[in-house]
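The values are calculated or read from the model by the stated rules, or taken from the named source; none is laboratory data. Treat the numbers as computed from the prediction; the structure is a model and nothing was measured. Because the Cβ atoms are built from the backbone with ideal geometry, glycine has one as well, and the counts that use them run over all protein chains shown. To get the accessible areas, we keep the full protein, side chains included, count just its heavy atoms, and leave off ligands, DNA and RNA. Shrake-Rupley method; radii C 1.70, N 1.55, O 1.52, S 1.80 Å.
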Amino acid sequence: MASPNIVFYFDCASSFSYIGFEFMEKYQQLWDIPVDYRPFILSDVMANARNTFSPYKLPFLFADLKRTSSITKIPFRGTPAKYPYDPQVALRTLQYLKTHQPHNMAPAMRSLWNMEYVQLKAPESVDDVKYALKDVVEPEVVDFAMGADETLEVVRQNTEQVKKMKGFGAPTILVSKGDGSKSEMFFGSDRF
């Protein structure tokens, strides 16, 4: 019998991915179940699902995040002035770390989200991502990630996987019990 596992598809520009990641990190230790973090392009998945933001949704979303932060103590001050932003550099860098320095992926994810939701700066450019990750990896890692075509290709493959599952947002979480039963998809930061 295979072991249970969790696949956590996320986008750096997703505040619910940030909160969900912090929950996953906590529960992963409690449950002793591996979590496979996979970056994907949320805007492509939302377009595929015809999922658009209602003008009423964003104020609710941010109020909900502040409420969640106050209860869970997960740091959240708000969003950067440029929001949403293009997360491609961050996503590619995280995919590179997953492949080449997997022990640095979770700390890098946390650092990027800290820049975004605590320091209120979008980690959009190469220099932004280097700055966000300065305490996690050497700056040239970001250059390597951007020079490696396979990082973008894997992020695109992850995006197609979420589309195939009929995903519509982030995080999209796929849970397998490991008992041969069908994997189940969950959406959102608070499903566990």
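Full extension of the segment from Phe187 to Val118, taken as 0.36 nm per residue of separation minus the current Cα-Cα distance, would add 22.5 nm.
The mean sequence separation of alpha-carbon pairs under 8 Å and at least six residues apart, normalised by the residue count of the stretch 67-167, gives a relative contact order of 32 percent. Entry comment: accessible area of the chain is 52 Å² per residue, from protein heavy atoms only and a probe of 1.4 Å.
Using only Cα atoms, locate the centre of the stretch 31-54 and the centre of the stretch 69-132, then give the distance between them in Å, rounded to an integer. So the two Cα centres are separated by 15 Å. Restricting attention to the stretch 1-74, which chymotrypsin sites (Phe, Trp or Tyr not before Pro) occupy a DSSP loop and are surrounded by at most 10 other Cβ atoms within 10 Å? Those that pass, being in a loop and sparsely packed, are Phe53, Tyr56.
Once the Cα-Cα distance is subtracted from the 0.36 nm per residue extended length, the Leu61 to Ser125 segment shows a gain of 20.5 nm. For the chain, the share of accessible area belonging to carbon and sulfur comes to 53 percent (1.4 Å probe, ligands and nucleic acids excluded). Taking amide H positions as modeled 1.01 Å from N, with prolines and chain starts lacking one, the residues under 5 Å from Tyr37 and 5 or more places away or on another chain are Phe8. Here the Karplus curve 6.51 cos²θ - 1.76 cosθ + 1.60, taken at θ = phi - 60°, turns the phi angles of the stretch 93-101 into couplings of 5, 5, 5, 4, 5, 4, 7, 9, 9 Hz, with x standing for Gly and Pro.
Only Cα sites of the chain enter the Debye sum here, all with the same form factor; the resulting log10 I(q)/I(0) across q = 0.10, 0.11 1/Å is -0.38, -0.47, listed in q order.
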